[in-house]
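Structure record follows, encoded as structure tokens.
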Amino acid sequence: MARLEEKVQDLYDEVVARNPGEAEFHQAVREVFDSLGPVLAAHPHYADAGIIERLCEPERQIIFRVPWVDDAGRVRINRGFRVEFNSALGPFKGGLRFHPSVYLGVVKFLGFEQIFKNALTGLPIGGGKGGADFDPKGRSDGEVMRFCQSFMTELYRHIGEYTDVPAGDIGVGGREIGYLFGQYKRITNRYESGVLTGKGLTWGGSQVRPEATGYGVVFFVAEMLAARGEDLEGRRIVVSGSGNVAQYAIEKVHQLGGRVVACSDSGGYVVDEAGIDLELLREVKNVRRARIADYARTRGVTAHFVAGRSIWEVPTDIAMPCATQNELDATDAESLIGNGCRVVAEGANMPATPEAIKAFSKAGVMFAPGKAANAGGVATSALEMQQNASRDSWSFEYTERRLSEIMSGIHQTCVRTADEYGVPGDYVLGANIAGFTHVADAMLALGVI
């Protein structure tokens, strides 16, 4: 076992050396590598066949210039990315993120996570991710349209319904997907609905897609509790963020009898002991495009805003980090543990730091990693692809039922795998090993490519 751990460490050191300065990617790789000891000990052929080295090297990395003109007539330049990581299970699948923080390391971390997340869904989709260091906040619709058209003018040659299927992510919602799809249609002269997911319902989109990631993380938590003979009824819950994922997580929690008492944005957090008023939150964030502090001002006596502090100091039974990567550190974890938190489920991608995850494990807090808990979004994207391929459209109820079944299946897979490898209740190890073996077996079957 010592020699095996040394080999894994050597592989990790090689990844770091080959990808310098990409801290988020290194973190994502480390988190998976820390789970691989048991599976490599039981099945050494994975290491002998170079599977790990191939998994850590994207099949293709595309970086391109995105020139566009703002409303003042000034030429702007951004950088676009698409990392096509692994297609052993199907076409590359993963979102596009438009945010100033986007650089190659962020896109590679997201794409690497996507490989295993997509594998856990059991659907035929590979892993990829993309985006640009463009910030749509404060930009007019015309500026966003011109940027998206320029971005797609380069990206179109690399994507397709059987090749690579992008979707939305932070900064890329229905507006951006519409502009991107319109430009793809214009350039290719094809109405290829399956090339992008997250589309509007009237032009090839799927019911439940906007809700899917938020609903999915709540379905996963419900499965975790059900396995222990419990449910969400009466639970006090904190959800970080206040965007799409957070809003729909709040909605589903309330439908299942729980009470979300706090949410946040980059300026701070709001506590509403009566339960977050979702209609007001959507008006503040989606209509007014205002800060979360406006929620407290409008709501009145039941709510108060706390500026510049961590939402994880709010006492809660269940925590759902739904904002961004590394938002929950070891100090936050100790606050949650000290206040009696029993379950943490990642609605965002890698929101908990490695130190936080270790603290939860040591304290016996149930922890669901994002590659399992937030897989609902990409799962429903794959359902959208199915509907596009068959020229069909499913009802909300049927699609939500499919999503619930997929999340239940992911939970069962994680539990079964953790039990098989002698670490019952370890969702991180269960998710990592199940995702890894699914992809690795396909890679072995396809040969050295």
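The values are calculated or read from the model by the stated rules, or taken from the named source; none is laboratory data. Worth saying up front: this structure is predicted, and the values here are computed from it rather than measured. Cβ atoms come from the backbone with ideal geometry, glycine included; neighbour counts cover every protein chain shown. Only protein heavy atoms, including side chains, enter the accessible area calculation; ligands, DNA and RNA are left aside. Shrake-Rupley method; radii C 1.70, N 1.55, O 1.52, S 1.80 Å.
Taking interchain pairs and intrachain pairs at least six residues apart, which have beta carbon atoms under 6 angstrom, with the first residue in segment 238-265 and of a type in the set (D, E, K, R) and the second assigned to a helix (DSSP H, G or I) and open to solvent by 10 Å² or more (accessible area, probe 1.4 Å)?
251/278
What residue, among those in segment 317-345 that are open to solvent by 50 Å² or more (accessible area, probe 1.4 Å) and of a type in the set (Val, Ile, Thr), is farthest from residue 26 (Cα to Cα)?
Checking each candidate, the answer is 331.
Among what's in segment 112-126 and is under 19 Å from residue 25 (Cα atoms) and not aliphatic (A, V, I, L, M), pick the residue that is surrounded by the most Cβ atoms within 10 Å (Cβ to Cβ).
Among residues in segment 112-126 that are under 19 Å from residue 25 (Cα atoms) and not aliphatic (A, V, I, L, M), the one surrounded by the most Cβ atoms within 10 Å (Cβ to Cβ) is 118.
Looking only at segment 55-62, decide whether some residue is buried (at least 18 other Cβ atoms within 10 Å of the Cβ) and of a type in the set (Asp, Glu).
Among the residues of segment 55-62, not one is buried (at least 18 other Cβ atoms within 10 Å of the Cβ) and of a type in the set (Asp, Glu), which makes the answer no.
Against the conditions (1) open to solvent by less than 10 Å² (accessible area, probe 1.4 Å); (2) farther than 19 Å from residue 245 by Cα; (3) touching an Asp or Glu at 6+ places or on another chain (Cβ under 6 Å), where does residue 360 fall short? Just the number, please.
(3)
Kindly indicate which of 184, 156, 215, 191 is in contact with a Phe, Trp or Tyr (Cβ under 8 Å, 6 or more places away or on another chain) and farther than 20 Å from residue 96 by Cα.
215
Being modelled with pLDDT of 95 or more and open to solvent by 20 Å² or more (accessible area, probe 1.4 Å) narrows it down to one residue among 71, 10; which is it?
Only one candidate passes the filter, namely 71.
Within segment 14-54, how many residues are over 20 Å from residue 439 (Cα atoms) and open to solvent by 70 Å² or more (accessible area, probe 1.4 Å)?
The qualifying residues number 4.
For residue 66, only one of the following conditions fails: (1) open to solvent by 70 Å² or more (accessible area, probe 1.4 Å); (2) at pLDDT 95 or above. What is its number?
Looking at each condition in turn, residue 66 falls short on (1).
Residues are listed down the side, and each one gets a yes or a no for (1) assigned by the TED database to the domain that holds residue 91; (2) farther than 30 Å from residue 159 by Cβ; (3) assigned to a helix (DSSP H, G or I); (4) not acidic (Asp, Glu):
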{"site": "198", "(1), (2), (3), (4)": "no, no, no, yes"}
{"site": "202", "(1), (2), (3), (4)": "no, no, yes, yes"}
{"site": "206", "(1), (2), (3), (4)": "no, no, no, yes"}
{"site": "220", "(1), (2), (3), (4)": "no, no, yes, yes"}
{"site": "225", "(1), (2), (3), (4)": "no, yes, yes, yes"}
{"site": "232", "(1), (2), (3), (4)": "no, yes, no, yes"}
{"site": "238", "(1), (2), (3), (4)": "no, yes, no, yes"}
{"site": "241", "(1), (2), (3), (4)": "no, no, no, yes"}
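For segment 155-174, how many residues meet the condition of being open to solvent by 50 Å² or more (accessible area, probe 1.4 Å) and modelled with pLDDT of 95 or more?
Number satisfying all stated conditions: 5.
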